[in-house]
Amino acid sequence: MDPVVLQYENIWLRRSDVSLLEGPHWLNDEIIRFAFHYFVNDCYQLLSLLTVFIGPMITELIKFSTDMKELFMFLKPLALPFRQWIFLAVNNNSRKTPGGSHWSLLLYHRPSNKFIHFDSRRATNAIHARHVAMRLLPFLACKEGVMFEEHECPQQSNNYDCGMYVIYIAELLCEKAMEEKEPHIPIQNITAHSVTEKRAEWLKRIQTLMERVLPSPEEAVESH
């Protein structure tokens, strides 16, 4: 049994999803997707008109879809031409079937007209990020001369924290967006210890949401 333990917006987190935050585990699509939705709905509502977060599933569609009409159908509701900060979770999967072993963060920053790639494993995902950027370009209505930059990024010391780095760096960039500053991150503040603390923080956040929506023992008895 792998029951759903939290419904948040249109995301259904199962026990196995949440357990990935409990220890040294690679984070899956659903946890990253949850974090992106949480940023939009709970943390940075003031940025809702300026930013958009494109989760793993749509990013994979951007990467692999050969049907431009289908892609347009998925991307049109995101109003990309009007967004100043566009975040994407990039995976190193090279096939249309589910897979991949590494996450990185790609940002399109309209004010500087460039894609900025943050990779916690020395540009492992550079090829994939550039491909996603190229495929996304026709939907941005941006100026000519778009640049692609590999940004200096703190490096993970294990093989499982890449998803946590994506979430952590996206959060720091949102703080920059709130202050209307350039998309640079204080890499000296991102350490293996702080990433572990951030993992525990997200686990606690989800557990708190679970407690809010689960019925009390008395309510559970009354419902039977």
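The values are calculated or read from the model by the stated rules, or taken from the named source; none is laboratory data. What you are looking at is a predicted structure, and each value in this text was computed from that prediction instead of being measured. Every residue, glycine as well, gets a Cβ built from its backbone with ideal geometry; the counts of neighbours run over all protein chains shown. Areas reflect the complete protein model, heavy atoms only, side chains present, ligands, DNA and RNA absent. Shrake-Rupley method; radii C 1.70, N 1.55, O 1.52, S 1.80 Å.
Consider the range 119-134 and keep the residues that are aliphatic (A, V, I, L, M) and part of a helix (DSSP H, G or I). The one that is farthest from Met68 (Cα to Cα) is Ala126. Among the residues making up the range 157-195, those that are without any contact (Cβ under 8 Å) to a residue 60 or more places away in the chain and in a helix (DSSP H, G or I) are Tyr168, Leu172, Glu175, Lys176, Ile187, Gln188, Asn189, Ala192, His193, Ser194, Val195. When the range 99-157 is limited to residues that are open to solvent by 10 Å² or more (accessible area, probe 1.4 Å) and of a type in the set (Phe, Trp, Tyr), the one that is nearest to Ile187 (Cα to Cα) turns out to be Phe148. Considering the range 84-94 alone, what residues qualify as being surrounded by 21 or more Cβ atoms within 10 Å (Cβ to Cβ) and over 22 Å from Lys181 (Cβ atoms)? Result: Ala89, Val90, Asn91.
Taking each residue of the range 74-85 that is within 14 Å of Leu61 (Cβ to Cβ) and looking for partners that are among the basic types (Lys, Arg) and not in a loop (DSSP other than H, G, I, E, B) with beta-carbon atoms closer than 6 Å, six or more apart or interchain, yields nothing. Selection of first residues in the range 97-111 that are without any contact (Cβ under 8 Å) to a residue 12 or more places away in the chain and of second residues that are surrounded by 13 or more Cβ atoms within 10 Å (Cβ to Cβ) and not in a helix (DSSP H, G or I), restricted to Cβ pairs under 7 Å at least 6 apart or on distinct chains, gives the following pairs, ordered by first then second residue: Gly99/Asn93; Gly100/Asn91; Gly100/Asn92; Gly100/Asn93.
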